[in-house]
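Student: This is the structure I have questions about; it appears just below.
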Amino acid sequence: MKSPCNLSSSGNYDADNIPFVYFKDVTGDAARCQDKLQPITRLWSDLQSTATTPDFVWFEPNSCNTMHNCDVATGDTWMRTNLPKLFASPAWTQQRSVLVITFDEDDNNHGQRIPTIVTSSPGLTKPGYRSPAPYNHYSILRTVEQGLGLPGRLTQNDQYATPLNDIWN
């Protein structure tokens, strides 16, 4: 996303990969959309202080940097460039923070097994842990809902999904 509230896909930017573009209470309110749907540069600014760090952030690299339209090396370079900014931020070093890296699909050769990596501020998650539990994308949503103390569920899919409970210390 090159500009706030950019709801149009262009080049390697796919607006439809950002879930909040589907929420009318975000996109239907111009001020809220401008405030909440921001380029990643805003995140790096917000993370400089615990006072400006949001409770929840979803960031989606462009389709090349997600390794969807480009090779793995391109995505690795993006992560090597950007994730150290997160890990060095007060949000990571002074607060309880979790990073989830996941993919939307596999190559259709392994029964739709999708890698998901969860790491956290020191002490929150089990270092080097590999869960034997069968999770899906709804499990991630359910975990976020629990972590933020959200009272309801969006659908039955996340309502009955297994949260990522075994990863925590």
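Here, each number is a calculation from the coordinates, and none is a lab measurement. Because the structure is a prediction, the values reported are computed rather than measured. A quick note on method: Cβ atoms are made from the backbone with ideal geometry, for glycine too, and the neighbour counts reach across all protein chains shown.
Student: For the ranges 76-86, 138-148, what's the packing order if you count other beta-carbon atoms within 10 Å of each residue, average per peptide, and put the highest first?
Tutor: Answer by packing, highest mean first, reads 138-148, 76-86.
Student: State the dimensionless ratio Rg/Rh of the chain (Rg: radius of gyration of Cα atoms; Rh: Kirkwood radius).
Tutor: 0.94
Student: So what's Rg/Rh here for the range 1-95, counting alpha carbon atoms and using the Kirkwood radius for Rh?
Tutor: 0.99
Student: Can you list the residues, at least 5 places off or on another chain, whose amide H is less than 5 Å from the amide H of SER97, using H built in the peptide plane?
Tutor: When sequence neighbours closer than 5 places are left aside, the close amide H contacts are SER121.
Student: Check which residues have an amide H placed less than 5 Å from TYR13's amide H, if you skip close sequence neighbours.
Tutor: The answer is SER63.
Student: Taking the dipole about the Cα centre of the range 1-95, with the C-beta of Lys and Arg at +1 and of Asp and Glu at -1, give me whichever of ALA31, TRP78, SER89 is farthest to the positive side.
Tutor: SER89
Student: Next question. Tell me the relative contact order for the range 114-166 as a rounded percent, counting alpha carbon contacts under 8 Å between residues six or more apart.
Tutor: 37
Student: Lysines within cross-link reach of LYS36: Cα-Cα under 26 Å, excluding same-chain residues under 8 positions apart?
Tutor: Hits, sequence-local ones excluded: LYS2, LYS24, LYS85.
Student: Follow-up question, since we're still on this one. Placing +1 at every Lys and Arg Cβ and -1 at every Asp and Glu Cβ, with all other atoms neutral, what dipole size does the chain have around its Cα centre, in debye to the nearest 20?
Tutor: 460
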